[in-house]
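Here is the structure we will look at, set down as structure tokens.
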Amino acid sequence: MLQKIILAIAVFIIILVALTFGETIAYEAFAWISHITGLVVHNFSDIYYAVKNYVALHAIKVLIALALTVPISLWIIKSKSDELDKPTNHRKIAIVLAIFLGWLGAHRFYLGQIGWGIFYLAVCYFFAPLAIVLGLIDAVRYMFMSDEDFALVRN
């Protein structure tokens, strides 16, 4: 169930990025990366206000992304549920989550490693750039891992 929820969140974020892909995507991406890597997050209220400001500025995009996320997620889960259970697809999903949401530990939560996910949230709380680097390191690890080694990590 948690994997399906995380998959839906990933679909939402991908759709939201696709909708934002207009003339401001490069500016927004560079500003966001600069903000995240150059900022020590003192508390989660900073993240809350950043999300709140984004939603206020891009409310239509968020609503469209939400409206598209539900049917697409349901379609993926319904039509591809057999394929989603394959170990190689778990690894691919974990890699994508580690790249885009690794700083929040989403890939660890997806793999059922709740303790490590909480650790990533704590690292993000105290020093966000380290959390970003750790998420990218996990993505690279998963890319070069064999299926057998990844199955051991997953369990």
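The values are calculated or read from the model by the stated rules, or taken from the named source; none is laboratory data. Just so it is clear, the model here is predicted, and its values are computed rather than measured. Note that we place each Cβ from the backbone using ideal geometry, even for glycine, and neighbour counts take in every protein chain shown.
Contact map, region 43-72: residues that are part of a loop (DSSP other than H, G, I, E, B) paired with residues that are aromatic (Phe, Trp, Tyr), Cβ distance under 8 Å, separation 6+ or inter-chain. Pairs shown: Asn43/Tyr125. Are any of the residues in region 105-113 at pLDDT 85 or above, among the basic types (Lys, Arg) and surrounded by fewer than 19 Cβ atoms within 10 Å (Cβ to Cβ)? No, every residue in region 105-113 fails to be at pLDDT 85 or above, among the basic types (Lys, Arg) and surrounded by fewer than 19 Cβ atoms within 10 Å (Cβ to Cβ). Once region 104-150 is narrowed to residues that are outside any helix (DSSP H, G or I) and out of contact with any Lys or Arg (no Cβ under 6 Å at 6 or more places or on another chain), the residue that is nearest to Ile13 (Cα to Cα) is Gly105.
Residues in region 45-66 that are surrounded by 11 or more Cβ atoms within 10 Å (Cβ to Cβ), small (Gly, Ala, Ser) and closer than 18 Å to Ile14 by Cα: Ala65 only.
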